[in-house]
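For reference, the structure discussed in these notes is given below.
Every number in this text was worked out from the coordinates using simple rules, so none of it is lab data. A quick note: this is a predicted structure, and the numbers were derived from the prediction, not measured. When we count neighbours, we look across all protein chains shown, and the Cβ atoms used for this are built from the backbone with ideal geometry, even at glycine.
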Amino acid sequence: MGGFVYILANMRRGRTYIGVTNDLVRRVYEHRQGLADGHTKRNNIKRLVYFEEHAAIDAAIQRETSLKRWYQQWKWALIEQNNPDWRDLWDEIVH
């Protein structure tokens, strides 16, 4: 079974959240609707700004763990490589 690593943000270069899931649409929907208690709900972090797909869930978990150790500036650079305007990618994953 595969998995996804994703980054949510509340604004450009704002607060971020890194997560892992086997169902990206469902999980991002939960964050957007405030169904996921914790950091994202408290800080209004709902915008999907980055994601990667992995063939195996354990590879996704390993990547998530690695990204969480990165400096904030490195995370921002990763997002801006693929999404320089910090667009919400929600519409891209639901269509």
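Among the residues of the range 22-61, which ones are of a type in the set (V, I, T) and crowded, with 19+ Cβ neighbours inside 10 Å? The answer is V28, T40, I45, V49. Of everything in the range 40-59, what is within 15 Å of Y17 (Cα to Cα) and within 13 Å of the chain's Cα centre (by Cα)? Give them in sequence order. Hits for the range 40-59 are T40, I45, K46, R47, L48, V49, Y50, F51, E52.
Which of the residues spanning the range 60-74 are touching a residue at least 24 places away in the same chain (Cβ under 8 Å) and either among the aromatic types (F, W, Y) or under 13 Å from G19 (Cα atoms) (or both)? Hits for the range 60-74 are A60, I61, R63, E64, L67, K68. Taken residue by residue, the range 29-41 has at least one member that is closer than 15 Å to F4 by Cβ, free of Cβ contacts under 8 Å to residues at least 60 places away in the same chain and either touching a Cys at 6+ places or on another chain (Cβ under 9 Å) or among the acidic types (D, E) (or both).
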